[in-house]
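Sending over a structure as structure tokens; questions will come in a sec.
A short reminder: the numbers here are calculations on the coordinates, not readings from a lab. As the structure is a computational prediction, the values presented were derived from the model and not from experiment. Counting neighbours? That spans all protein chains shown, and the Cβs are built from the backbone with ideal geometry, glycine included.
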Amino acid sequence: MDKQRLNQIIEEKKDVFINVSDKIWEYAETRFVEVKSSELLCEILESEGFSIEKNIADIDTAFVASFGSGNPVVAILGEYDALSGMSQKPGIAEKVALSEGASGHGCGHNLLGAGSLAAAVAVKKFMEENKILGTIRYYGCPGEEGGSGKTFMARAGAFNDVDIALTWHPLTHNKVMSMNTLANYQIYYRFYGRSAHAAAVPHLGRSALDAVELMNVGVNYLREHIIQEARVHYAVTNTGGSSPNVVQAEAEVLYLIRAPKVNQVQEIYERVCNIAKGAALMTDTRCEIVFDKACSDIILNNTLEKLLYKNFIEVGVPQLDESEMQFAKTMRNTLAASDISSDLRTTSEYMGGEGQEIVEKLKEKVVSDIILLYSYSAMKLPISTDVGDVSWIVPTAQLGVACNVFGTPGHSWQTVAQGKTSFAHKGMLVAGKVLARTAVDALIRPEVVAEAKEELKRTLAGAKYVSPIPAGVKPSFIK
Ligand SMILES: [Zn+2]
């Protein structure tokens, strides 16, 4: 079997994948309202001969596209949600909103969704041409950003019959993403008081905004007394109005609590809830606690990661032409020195302090053309992903491909601006090729699947997956 054929299939259909990526970039739909984006992906997958199951886990924009039958079942995960308030004109090295206040693809999930699509389509065609048995699936996973779409899908059992799951993320590096991430909970704290004329009868008012402020002060004192690795962030999502002469009757704050393990998040969550109750007591208001979403830490799989690495080396990194390089240089000029040094530090941590010469080389690079030497469980990242929940159920591995200029911060206008460029497209196609090869390896080599599963079992050492999202909690929309 000539796996070069997978590259060929992707190259032949590359205009379709690029078009899908660009369209999703333009739709820029945020968590759980990715209607047009998911429809477009379903349309292409259907026309390519996949059968589609929609409305997974009761989420309108979650779907599974399948081809083939029986085991192994190989899942390729795709995302397509944007971030609110990140609108930016494409292909320019200047911060200019396309539409003021609108959303934008600040995390490159347009590329993520389309790159995974390329992989699934190529694997399906390759299976037909080579009469390979088994099932290839594309998982349409909405609401990764602040929504934990995959966690809801996992809770509904969507991954239970899967043997292997693969995904990728556009980055500024080329590497297998063997990195530990944090579990998290996201919770709304809503306070209800009593409005009153703030000057005439302030003694009759009970301020919900005071409660929010006191709660935040309390949590800021808590920080010193929780584990170092934890992260606690908040956003005031309802200030209770803009009139200072009205005592605010309602106010709301959204908390995001992260820690390495779910039980550690749970412990901090309980303490944050107590602080909220304390704030309500202090202000004579009522507090309502609304659990929004959660995700688990990631369980890495060395067996699959080694395979991804081997295939990445075989496919090679994206090759940029002169004009792409020129634009990349202009974009690089918009980055702060601290952006570059932060990316260099990430490289150094990933290489475990070994790759000083690579760090030196990368200092001069506008776009990384180096595949970082794979090292298992290389580092701990203080971020979270809902891929974590999938990884507890099925052996999972993630690839990272440079689609952005080295140093580009995540969730930045620069990421949005680069999301439609031809060099981002090249990175996306490389990701599709590497994922396709790895999926084919899993389909034709049952020993790889068995080894990956055995490894997952060993790593979990008897621990069972329990959804961090309580029963009855449904996905919410951005308000
Ligand atoms: Zn992302």
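How many percent of all Cα-Cα pairs in the chain sit more than 31 Å apart?
44
Also: Can you give the log10 of the normalised intensity I(q)/I(0) at q = 0.12, 0.21, 0.22 Å⁻¹, computed with Debye over equal Cα scatterers of the range 183-295?
-0.42, -1.02, -1.10
Okay, next question. Over the C-alpha atoms of the range 301-433, what are the Rg and the largest Cα-to-Cα span, Dmax, in Å?
Answer for the range 301-433, Rg first and Dmax second: 15.2, 44 Å.
Sticking with this one: Toward the positive end of the charge dipole of the range 183-295, about the Cα centre and with charges on Cβ (Lys, Arg +1; Asp, Glu -1), which of Met215, Pro244, Phe291 goes farthest?
Towards the positive end, the residue furthest out is Phe291.
Still on this structure, I have one more. What is the helix-to-structure angle for 446-460, meaning the angle in degrees between its Cα long axis and the longest Cα principal axis of the chain, kept from 0 to 90 and rounded to the nearest 10?
Between helix and principal axis, roughly 30 degrees.
Working from Cα positions, state the angle (0 to 90°, nearest 10) between the long axis of helix 109-130 and the longest principal axis of the chain.
The helix 109-130 is inclined about 30 degrees to the chain.
Let me ask something else. Can you give the convex hull volume of the alpha carbon atoms of the range 37-113 per residue, in Å³?
120
Going 7 Å from the Cα of Val359 along its beta-carbon direction, which residues of the range 337-353 have the amide nitrogen within less than 16 Å of the resulting point?
338-353
Given the C-alpha centroids of the range 222-261 and the range 104-151, what is the distance between them in whole angstrom?
Going from one Cα centre to the other spans 35 Å.
Which entries in Lys261/Lys329; Lys54/Lys464; Lys433/Lys457; Lys54/Lys310; Lys380/Lys433 show an alpha-carbon gap greater than 32 Å?
Correct reply: Lys261/Lys329; Lys54/Lys310.
What is the gain in length, in nm to one decimal, between Gln319 and His411 on full extension, counting 0.36 nm per residue of separation less the C-alpha to C-alpha distance?
This chain segment gains 30.7 nm when fully extended.
For the chain, find the longest principal axis of its Cα atoms and tell me its angle to the long axis of helix 14-27, 0 to 90°, nearest 10.
With rounding to tens, the tilt is 10 degrees.
Which of rounded, prolate, oblate describes the range 389-479, given a ≥ b ≥ c as roots of the alpha-carbon gyration tensor eigenvalues and a/c under 1.5 marking rounded, otherwise prolate only if a/b is larger than b/c?
Judged from the Cα gyration tensor, the range 389-479 comes out oblate (a/c at least 1.5, b/c at or above a/b).
Further, regarding this structure: Rg over Rh of the range 1-129, using C-alpha atoms and the Kirkwood radius, what does it come to?
Checking Rg against Rh, the ratio lands at 1.02.
Give me the one-decimal nm value for the distance between modelled label points at Ser69 and Thr239, 7 Å along each residue's Cα-to-Cβ direction.
Here the modelled spin labels are 6.1 nm apart.
Calculated from DSSP H runs of 4 or more alone, at -39500 (n - 2.57) each and per residue, what is the 222 nm mean residue ellipticity of the chain, nearest 500?
The helix-only estimate for the chain comes to -13500 deg cm²/dmol at 222 nm.
Another question, if that's okay. Can you give the % of DSSP beta bridges in the chain that are antiparallel, to the nearest 5?
Of those bridges, close to 70 percent are antiparallel.
Using a 10 Å cut-off around each Cβ, can you sort Asp369, Asp15 from fewest to most neighbouring Cβ atoms?
The fewest-first ordering by Cβ neighbours comes to Asp15, Asp369.
Further question: For the range 333-393, just the Cα set please: Rg and Dmax, both in angstrom.
Final numbers for Rg and Dmax: 13.9, 43 Å.
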